[in-house]
Each structure stands twice: as C-alpha cells, then as structure tokens.
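Heads up, the thing below is written out as structure tokens.
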Amino acid sequence: MEAVFANLDQYWAGFRVTLELLLVGGLGALLLGGFVALLRISPLASLRGVATGYTELLRNTPLTLVFFFIIIVLPTLDVRFDAKVGAFLALALYTSAFIAEAIRSGINGVPIGQAEAARSVGLTFGQTVGLVILPQAIRMVIPPLINVLIALTKNTSVAAGFYIVELIAISKQLANANGNAVIPILIGVAVCYLIITVPLGQIAGLIERKAAVQR
Amino acid sequence: MSASSVLYDAPGPKARRLSRIASTVILVGLVGLVVWFVWRVGQPRTTVNGAVLSGVWDPSRWDIFQDKTVWEDLLWRGLVMGTLRAAGLAAVLALIVGVLLCFARSARSALIRVPTTIVLEFFRGLPVLLMMLFIMLAVGTNGYWAVVVALTIYNGAIIGEALRAGIAALPKGQREAGLSLGLTGTATKLLIEFPQAFRQMLPIIVAQLVVLLKDTSLAYVVAYPEILRKADSLKQFYGNRYAFSLFFVVLAVYLIVNFALSALARWLSKRTGPKSEAALITQNTRTMGQADD
C-alpha cells in the first residue's frame, strides 16, 4: 500500500488529465452529437442522410482506429495537432455518434400524439421540436446520456496508447517502477475511475426512477 | 403516418423543389469536399527537410498490397488469428458469464444477490484496458488471455445487466402463470421468463458483441498482435509512406465486419418482432424522428 500513498501526486496528475479528457471530450461530444441528432430529424432528406452516415461510420469504427487516424495517420499528411488536442478531437468525434443516437432514441420515445397535438394546434416544425418534443425527450434522454459519459470516462484510457499521460499511462509507469506492488497500484487506479463512474451511474439511476414515476 | 414524419407537413410542390435544390447543393458540397480531400492528399509534397514525397494515391504507396504475405499478415494472422480468435472466444464466454450473472443478480437469496450486484457495478465502472493491464501484470498471462478474460468479464457484466432488465420488463403474469401451473421458482425462471427475456434482448446482446469486437482493438495498447498492431508493425517494416494505405485497409476491414454484425442484429430484431406491449409501443413511435428508417 505504501507504493500507492508515496505516489499520490502522480495519481493526482493522471486523474486530472483523465478528468480533462472527460470534460473537454464530453462537452465537444454533447455539442456535436446534439447537432447531429437535430440533423437526423430535419425535414431535408439529404441532411438526414449525412447525419445517418456520420453516426453509422463512427459507431462501427473502433475508438483506437479514430485515435490512430488523428495521431498517427494525419501527421503523415502534414496535419498536426498537439497530442492532447488530438485526443480531445478523437474522443469528441467518437462519442458524438453515440450521443446523437441517444438523443434520437429519446426523441423517438416521445409519444406520437404529442407531435400530432402540437402540429394540429398549428405549431411550426421548429416550435414543435423546440417547445414540445425536446423538453420531454431531454428528460428521458438524460440517463442514457450519462451512460454514454460513463463509457467516455472509460474510453479516455485509450489515450494512454497515444502519448497522453493519464491514469493508465501513470499506472504503467508506476507498475514498472514498483514491480513488487503491482496489484495495489492497479487497484488504486481502479478506485480513481470508480470515483468518477459510480456517482455518475447513481445519478443516472436516480433520474431514471424519477422520470419513470412521472410518466 | 406510414413513411413520412408528423413533425412537418407533407411537402408541397414549392417545398419539394426547395428540398431538391438544397439536397443537390449539399450533395455537391459533400462530393466536392471528398474530391478535394482525395485530390489534396494525392498531391506530392515536400517535407521539412526537403525530400519530396509522392501523393497517397501514388502506386508506390500501395505496392505492398501486391505482396501476398502482406495480406496474409493482415487478414489471416491479424484479423482471423488475432482479432476474430480473441473476439470469438470472448463472445462465447461473455454470453455464458452474462447468463450466470443475470441469474445470480436476480436470485432470491440476498447472500448471492447483493455481492453479485456490487461486483457487477465494480466491473461495469472500470475501463477494459485497465482490466487487460491488471490481468497481464498481476496474473502474468500472455496478451491473448489478458484480452479474452478482460473482454469476457466486462461484456459479461453488461450482457448480464441487459438480461436482468429483460426479465424485469416481462409482464408479471408470466411468472404468476408459471407458478400457478405448479412449476418451481427456478423452473419458471428457466423455462418461462429467461427464454422470453433472451429473445427480447437479443438485438442489444448482438450490439454488445459488436462493441466487444471493436474493443479487441484495445489489445493494440497491450501489444497483442491483432489487426491494428499488425498494421502498425507493417508500417514500421515498410516505412511511414504506407501509413495511410494501411490505415485505409484496416478501416475497411473493420467496417465490413462490423456492418455485417450490425446487419445481423437488425435482421434479428425484425425477425423476432415485437412480442410484448412495450416493444409494440416503441415500434409504433419509431417513425416520428426518422422517415428513412
């Protein structure tokens, strides 16, 4: 156990990078994913097609491959990012596809009568979506969105393979430096992840139960 | 309500013309963007130290694919013996673990239920990569078993959760009918509840297996020779100028395999069809957001 407590500052450094990846990547993914979800319900068929293609492509590509493209392939084409910016981009792009899917399924989950009622009192497309559909969809969408963010938390670990020194990279370094205390060190890292994921999961469950009562 | 959405009116001639124009503009824009990108990366360029590199479509960047051993390395040793071998075994084991966990999680005795719940929560909150590292470093297995066991535990936990939710969503009458016929609690669960839940959750389970297949690429980080790691070592062997072509081929392989699995999931969900009321409701409301689904 001393190996863990002696290296708390390193843990903290790694934890901060993981949090940073989660926050920036998550924010980017939420914005991008929300936009793509709106495209998917737009009246223009071509916009829907573009959005569908985008989500399907990214959902079927492994995250490692997205990282590989941004960090390793793009530089050979003279497009260079800072490794961290590249990681933000990869995580935001990959997660945005899942966010878009979650929001779309939430929109689909709103009973059709709601949209029919809104249309029949004369609301336009924008009003129907903005005032009637989205406010109901958002409430249903929050638990799946939190699940996507939990997955994102876990996915930040992939950045370890691409020059980002976050929790997993730190744990590799520490495990190499303290060969006799590998298990406590890895358990320490596991605790760091659980500190983020377990409360998020609890919040998702709480909201789910509340939303279930209201409908 | 059949094909079009209720969110907006059926377009009239004016709106249809507008929509056609917009579609054309977007299509032309997208094609233009792709063509520009393809053309741009195809241009020869000069590196910082003055060497001239040929464009990525230049035959000299693709000639390694004439070599049969490259394909053998990528497709046979990388995809089949690396990715698919690990994913296949992990998928089978994850299904078994998932079924066991689902039963343990819904057991009547709190002595079984509570610890399983805690263990499940624990494993669902950890990155697969960390599990792979843990198994490799702490247990000392080789890369293959680290990958298989980590993927089994993680996906088993998720499949177990899905199955449990499926059982919980069944109408209560199913269980009551079983019990009233004189079946024991276990027999009811095994013969009546579980088969229905499994059928309901099959699309979700197949979707999770696609995730499992994609997650084998994490083995790249723990140096297990799957297809991405193979591509990387081929790049190191033949030189950086093949980076793009190798990436292109690996992406194509992944997309083909994953789309095939996703198509299987869609076919399964159509074939099993809506059985419960809840499934019927979701089926009916699906058309709202999307007309092209």
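Restricting attention to segment A:53-71, the residues that are open to solvent by less than 20 Å² (accessible area, probe 1.4 Å) and facing chain B (nearest Cβ under 10 Å) total 9. Sub-8 Å Cβ pairs linking a first residue in segment A:1-30 that is over 25 Å from A:Ala151 (Cα atoms) to a second residue that is crowded, with 21+ Cβ neighbours inside 10 Å, at least 6 apart or interchain, are A:Ala3/A:Leu174; A:Ala3/A:Ile185; A:Val4/A:Ile185; A:Val4/A:Gly188; A:Asn7/A:Leu174; A:Asn7/A:Ile185, ordered by first then second residue. The residues listed here are B:Asp215, B:Asp232; of these, the one that is within 9 Å of chain A (Cβ to nearest Cβ), under 19 Å from the mean Cα position of the chain (by Cα) and of a type in the set (D, E, K, R) is B:Asp215.
Applying the condition of being β-branched (Val, Ile, Thr) and either within 17 Å of A:Ala29 (Cβ to Cβ) or touching a helix residue (DSSP H, G or I) at 6+ places or on another chain (Cβ under 6 Å) (or both) to segment A:72-87 and asking which residue is least open to solvent (accessible area, probe 1.4 Å) yields A:Val73. Listed by first and then second residue, the pairs with beta-carbon distance under 6 Å, at least 6 apart or on different chains, first residue in segment B:209-229 and within 20 Å of B:Val97 (Cβ to Cβ), second open to solvent by 30 Å² or more (accessible area, probe 1.4 Å), are B:Val210/B:Leu261. Counting only helices (runs of 4 or more DSSP H) wholly contained in segment A:120-215, the ones carrying 2 or more residues that are touching a Phe, Trp or Tyr at 6+ places or on another chain (Cβ under 6 Å) and touching a residue at least 12 places away in the same chain (Cβ under 8 Å) occupy A:182-214. For segment A:35-42, the criterion of a residue being surrounded by fewer than 18 Cβ atoms within 10 Å (Cβ to Cβ) and on the phi > 0 side of the Ramachandran plot is satisfied by no position.
Residues that are modelled with pLDDT of 75 or more, surrounded by fewer than 14 Cβ atoms within 10 Å (Cβ to Cβ) and among the aliphatic types (A, V, I, L, M) within segment B:240-285 comprise B:Ala252, B:Ile256, B:Ala260, B:Ala263, listed in sequence order.
If you go through segment B:101-121 and pick out every residue that is surrounded by 15 or more Cβ atoms within 10 Å (Cβ to Cβ) and either within 14 Å of another protein chain (Cβ to nearest Cβ) or touching a Ser or Thr at 6+ places or on another chain (Cβ under 7 Å) (or both), you end up with 7. Among the numbered conditions (1) open to solvent by less than 50 Å² (accessible area, probe 1.4 Å); (2) under 18 Å from the mean Cα position of the chain (by Cα), tell me where B:Ile204 comes up short. In the conditions (1) open to solvent by less than 50 Å² (accessible area, probe 1.4 Å); (2) under 18 Å from the mean Cα position of the chain (by Cα), B:Ile204 misses (1) alone.
B:Val97 satisfies every condition listed in (1) at pLDDT below 85; (2) buried (at least 17 other Cβ atoms within 10 Å of the Cβ) except (1).
Name the residue that is farthest from A:Ala51 (Cα to Cα), counting only residues in segment A:72-110 that are facing chain B (nearest Cβ under 10 Å) and of a type in the set (Ser, Thr, Tyr).
Filtering segment A:72-110 down to residues facing chain B (nearest Cβ under 10 Å) leaves A:72-79, A:103-110.
Then drop every residue that is not of a type in the set (Ser, Thr, Tyr), which leaves A:76, A:105.
Values: A:Thr76: 28, A:Ser105: 14 Å.
Looking at residues that are facing chain B (nearest Cβ under 10 Å) and of a type in the set (Ser, Thr, Tyr), I get A:Thr76.
If you check B:Gly98, B:Gly55, B:Gly82 for being assigned to a helix (DSSP H, G or I) and either of a type in the set (D, E, K, R) or in contact with a Pro (Cβ under 8 Å, 6 or more places away or on another chain) (or both), only one passes: B:Gly82. A single member of A:Ala100, A:Ala45, A:Ala90 is crowded, with 22+ Cβ neighbours inside 10 Å and touching a Ser or Thr at 6+ places or on another chain (Cβ under 8 Å), and it is A:Ala100. In summary, helices (runs of 4 or more DSSP H) completely within segment A:1-91 and bearing 2 or more residues that are under 15 Å from the mean Cα position of the chain (by Cα) occur at A:8-40, A:45-59, A:63-67. Filtering segment B:188-201 to residues that are among the hydrophobic types (A, V, I, L, M, F, W, C) and either facing chain A (nearest Cβ under 10 Å) or buried (at least 21 other Cβ atoms within 10 Å of the Cβ) (or both) leaves B:Ala197, B:Met201. If the condition is being touching a residue at least 24 places away in the same chain (Cβ under 8 Å) and more than 14 Å from A:Gly33 (Cβ to Cβ), then segment A:90-119 contributes A:Ala90, A:Gly109, A:Val110. A Cβ distance below 7 Å, combined with a sequence gap of six or more or placement on separate chains, defines the contacts here; from segment B:160-188, residues that are farther than 14 Å from B:Cys102 by Cα reach residues that are modelled with pLDDT of 85 or more and among the basic types (Lys, Arg) in the pairs B:Thr188/B:Arg175. Here the condition is being within 8 Å of chain B (Cβ to nearest Cβ), crowded, with 18+ Cβ neighbours inside 10 Å and touching an Asp or Glu at 6+ places or on another chain (Cβ under 7 Å); of A:Ala115, A:Ala160, it holds for A:Ala160 alone. When you scan segment B:146-164, do you find a residue that is more than 30 Å from B:Tyr220 (Cα to Cα) and either of a type outside the set (Asp, Glu) or within 12 Å of chain A (Cβ to nearest Cβ) (or both), even just one? Taking every residue of segment B:146-164 in turn, at least one turns out to be more than 30 Å from B:Tyr220 (Cα to Cα) and either of a type outside the set (Asp, Glu) or within 12 Å of chain A (Cβ to nearest Cβ) (or both).
The values are calculated or read from the model by the stated rules, or taken from the named source; none is laboratory data. Just so we're clear, the structure is a prediction, and the values are computed from it rather than from any experiment. Reconstructed Cβ throughout: ideal geometry from the backbone, glycine too, with neighbour counts over all protein chains shown. Heads up: the accessible areas ignore ligands, DNA and RNA and are worked out on the full protein's heavy atoms, side chains in. Shrake-Rupley method; radii C 1.70, N 1.55, O 1.52, S 1.80 Å.
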